Amino acid sequence: MASSSSSCRPTYQVFLSFRGADTRLGFTAHLLKHLKNKAINVFFDEEKLEKGKELEPELSAAIATSKISIIVLSEDYASSNSCLKELSKIMECKVTNEQLVLPIFYHVDPSDVRKIAETFKGSFDKHQKKEPDEVINRWKVAFTKVGSLAGWHIEGGPFDRSEPEYIELIVQDVIKKLNRMSLYESKGLVGIDHQMERIKSLLCIGGEDIRIIGIWGMGGLGKTTLAEAVFNEVRDQFQSCCFLHNVREESEKSGGIKSLRDQLLSEVLEEKNLHIGTPTVGSTVIKDRLQQKKVLVVLDDVSDSEQLETLVISHDHWGSGSRIIVTSRDRQVLTNEVDSTYEIQGLNDGYSLQLFSQHAFKQNVPPTDFPNLSNRIVEYVKGVPLALKVLGRALYKKRADYWQSQLNKLREVPNKVIDTALRISFDGLDDDEKNIFLDIACFFKGFDKEDVIKLLDVCYYDGALCGITVLEDRTLLTLAKGNKLWMHDLIQVMGWNIVREEPIGERSRVWASEDGFKVLRHQRVRS
């Protein structure tokens with residue numbers, strides 16, 4: 001059996017485990033039909049016969065190569081040896097293959113499954129007389145764990161939903177989970193589950209109010225990826241949806257922001273080639289139509305409040321229940337418009353190593369001869385997904401001595417792709433803000449904020465606090481413990497590189513001894 005998710009490609013989308021005598025001709029048959037009607041590839045054992053002590057190779061492979069296992073836990077499920085073998089294998093794959101397990105508690109209490117009580121206790125007692133203790137204990141552990149999983153509880157009482165309603169909801173849930181898994185596979189998403197849940201909690205989907213939330217953070221942390229993942233997961237709960245990519249970049253083109261607005265209105269109103277000739281949406285007909293629509297809109301990489309104004313992003317323009325997500329590198333842009341702002345987090349070391357390994361080695365963990373170098377790169381990058389991907393690709397199939405050389409170089413010279421992504425935040429600053437950033441990158445990283453303000457006020461006409469605040473809003477600076485000014489190593493190296501791009505005889509700052517010697521030698525030659 002595969003020992004990791006990277007070594008076993010899914011063959012089936014769903015594996016369906018059930019007790020044939022209980023549900024084959026009823027609930028399970030209808031569930032299977034609805035899954036197949038939705039073109040979901042299901043492994044369904046038609047025979048459901050008791051077999052030998054071990055699971056048949058075909059069944060074992062079908063479980064191991066499925067994305068989702070659905071277990072219909074009926075009253076006599078545990079009386080079947082084959083069902084318990086399947087369940088044990090499924091729970092094993094949940095760990096080794098990160099398989100998703102969805103239990104359906106069909107006319108049984110989840111607590112009875114969890115505690116192996118009622119009819120389940122009697123079934124296990126019978127097995128105890130025929131099977132080795134080791135086998136029974138393995139089955140019990142798996143059965144108990146299934147009872148602790150979140151799933152569907154079909155009670156069948158007079159006030160419960162009908163079974164067709166449950167089946168419809170279950171199939172929708174499976175499709176949603178498969179879509180999400182497909183997105184993860186296609187995008188190589190790692191470690192964003194928790195952040196997605198935080199965004200969804202801020203969106204409060206289902207309420208009748210209109211909510212605008214922001215996702216804020218430095219370049220390369222994955223704001224767009226996170227917004228796109230949430231968008232794809234919840235979009236089916238809205239009447240119309242629109243995802244506008246690269247708002248900042250498109251707005252810089254001639255007529256770009258108006259084209260974006262026309263695209264937004266065309267998509268949410270489902271009217272092709274809709275054009276608004278005026279700077280604002282003056283038509284009361286269009287406004288009235290927008291207010292009748294429950295929409296989901298994502299505006300990606302917004303850099304100016306005027307962009308939001310032109311794109312009619314305000315609470316009174318949209319229908320009840322609408323949700324707007326805005327991503328930006330500038331916290332102040334979001335502060336002016338949104339209800340809540342989420343600061344995106346970098347990946348932890350475990351997820352960082354996994355993402356890096358996927359690109360550097362085409363597997364989830366480094367090989368045995370590369371863990372130290374991999375960990376050093378992960379430590380340096382500090383959770384920035386863009387950098388992990390770019391460096392992983394650059395190091396793929398390279399020798400260890402090349403890795404060491406690249407790591408040494410990174411500490412002084414930025415990778416071009418990473419530098420381009422980070423420099424966008426710098427390019428939007430005014431001259432004083434740029435100079436304050438370079439001063440801190442070269443001399444004052446780790447210094448007390450108030451001390452730095454006093455020093456720089458002399459140079460910037462008492463405007464250092466304003467400049468530092470802008471840098472914090474743009475995620476170029478953070479405030480560390482003890483009121484210390486801090487920045488990511490990648491951002492600091494970007495700052496050093498900006499200074500080193502100046503002609504050597506006109507360097508505005510010198511902070512490293514080797515650069516100082518170069519400048520002095522140049523001046524000596526000129527004199």
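The values are calculated or read from the model by the stated rules, or taken from the named source; none is laboratory data. Source: prediction; values computed, not measured. FYI the Cβ positions are ideal-geometry reconstructions off the backbone, even for glycines, and counts take in every protein chain you see.
Filtered by the rule that a residue be in contact with a strand residue (DSSP E or B) (Cβ under 6 Å, 6 or more places away or on another chain) and either β-branched (Val, Ile, Thr) or closer than 10 Å to residue 414 by Cβ (or both), the stretch 478-497 gives a lone residue, 478.
Scan the stretch 138-166 residue by residue and report those that are more than 19 Å from residue 67 (Cα to Cα) and part of a helix (DSSP H, G or I). Outline the logic, then answer.
Pass one, the stretch 138-166, residues more than 19 Å from residue 67 (Cα to Cα): 138-141, 143-144, 147-148, 153-166.
Residues satisfying the conditions are 138, 139, 140, 141, 143, 144, 147, 163, 164, 165, 166.
Inside the stretch 375-430, can you point out the residues that are over 24 Å from residue 190 (Cα atoms), charged (D, E, K, R) and more than 26 Å from the chain's Cα centre (by Cα)? Those that are over 24 Å from residue 190 (Cα atoms), charged (D, E, K, R) and more than 26 Å from the chain's Cα centre (by Cα): 399, 401, 409, 411, 412, 427, 430.
When the residues of the stretch 384-439 are filtered to those that are hydroxyl-bearing (Ser, Thr, Tyr) and touching a residue at least 24 places away in the same chain (Cβ under 8 Å), the one that is farthest from residue 471 (Cα to Cα) is 396.
This table checks each residue for (1) at pLDDT 80 or above; (2) of a type outside the set (Ser, Thr, Tyr); (3) under 30 Å from residue 126 (Cβ atoms).
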| residue | (1), (2), (3) |
| --- | --- |
| 10 | no, yes, no |
| 37 | yes, yes, no |
| 67 | yes, yes, no |
| 73 | yes, yes, yes |
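What about residue 380, is it surrounded by fewer than 21 Cβ atoms within 10 Å (Cβ to Cβ), assigned by TED's automatic domain parsing to the domain that holds residue 508, hydroxyl-bearing (Ser, Thr, Tyr) and under 22 Å from residue 499 (Cα atoms)? No. Where helices (runs of 4 or more DSSP H) fall wholly inside the stretch 404-486, the ranges with 3 or more residues that are farther than 30 Å from residue 341 by Cα are 449-457. Is it the case, given these coordinates, that residue 311 is surrounded by 14 or more Cβ atoms within 10 Å (Cβ to Cβ), over 25 Å from the mean Cα position of the chain (by Cα), farther than 22 Å from residue 201 by Cβ and free of Cβ contacts under 8 Å to residues at least 24 places away in the same chain? Judged against the criteria, residue 311 is not a match.
When 73, 87, 100 are screened for being in contact (Cβ under 8 Å) with a residue 60 or more places away in the chain, at negative phi and surrounded by fewer than 21 Cβ atoms within 10 Å (Cβ to Cβ), only 100 passes.
Quick one: which residue in 370, 361 is modelled with pLDDT of 90 or more, over 21 Å from the mean Cα position of the chain (by Cα) and not aliphatic (A, V, I, L, M)? Steps first, please.
Details: 370 fails: modelled with pLDDT of 90 or more.
Answer to the check: 361.
Does residue 264 meet the test of being assigned by TED's automatic domain parsing to the domain that holds residue 306 and modelled with pLDDT of 90 or more?
yes
How many residues does the stretch 218-270 contain that are part of a helix (DSSP H, G or I), without any contact (Cβ under 8 Å) to a residue 12 or more places away in the chain and either crowded, with 20+ Cβ neighbours inside 10 Å or charged (D, E, K, R) (or both)?
1
Summed over the stretch 487-500, the residues that are part of a loop (DSSP other than H, G, I, E, B) and either in contact with a helix residue (DSSP H, G or I) (Cβ under 8 Å, 6 or more places away or on another chain) or assigned by TED's automatic domain parsing to the domain that holds residue 214 (or both) give a count of 1. Within the stretch 479-497, residues that are touching a residue at least 40 places away in the same chain (Cβ under 8 Å) sit with their Cβ atoms under 6 Å from residues that are of a type in the set (Asp, Glu), at 6+ positions apart or across chains, in these pairs: 494/419.
All told, residue 348 meets the bar of being loosely packed, with under 15 Cβ neighbours inside 10 Å, within 22 Å of the chain's Cα centre (by Cα) and touching a residue at least 40 places away in the same chain (Cβ under 8 Å).
Among the residues making up the stretch 287-308, a single one is under 24 Å from the mean Cα position of the chain (by Cα) and of a type in the set (Ser, Thr, Tyr): 303. For residues in the stretch 89-127 being under 31 Å from the mean Cα position of the chain (by Cα) and part of a strand (DSSP E or B), which is nearest to residue 75 (Cα to Cα)? In this case the residue turns out to be 105.
In a residue-by-residue description of the stretch 32-48, the property of being over 33 Å from the mean Cα position of the chain (by Cα), crowded, with 17+ Cβ neighbours inside 10 Å and either of a type outside the set (Asp, Glu) or closer than 22 Å to residue 141 by Cβ (or both) applies to at least one position. For residue 170, the requirement of being surrounded by 14 or more Cβ atoms within 10 Å (Cβ to Cβ), part of a helix (DSSP H, G or I), of a type outside the set (Phe, Trp, Tyr) and without any contact (Cβ under 8 Å) to a residue 24 or more places away in the chain is not met.
Pairs meeting the criteria (first residue in the stretch 187-206 and outside any loop (DSSP other than H, G, I, E, B), second residue aromatic (Phe, Trp, Tyr), beta carbons under 7 Å, at least 6 apart or on different chains) are 198/342; 199/342; 202/342.
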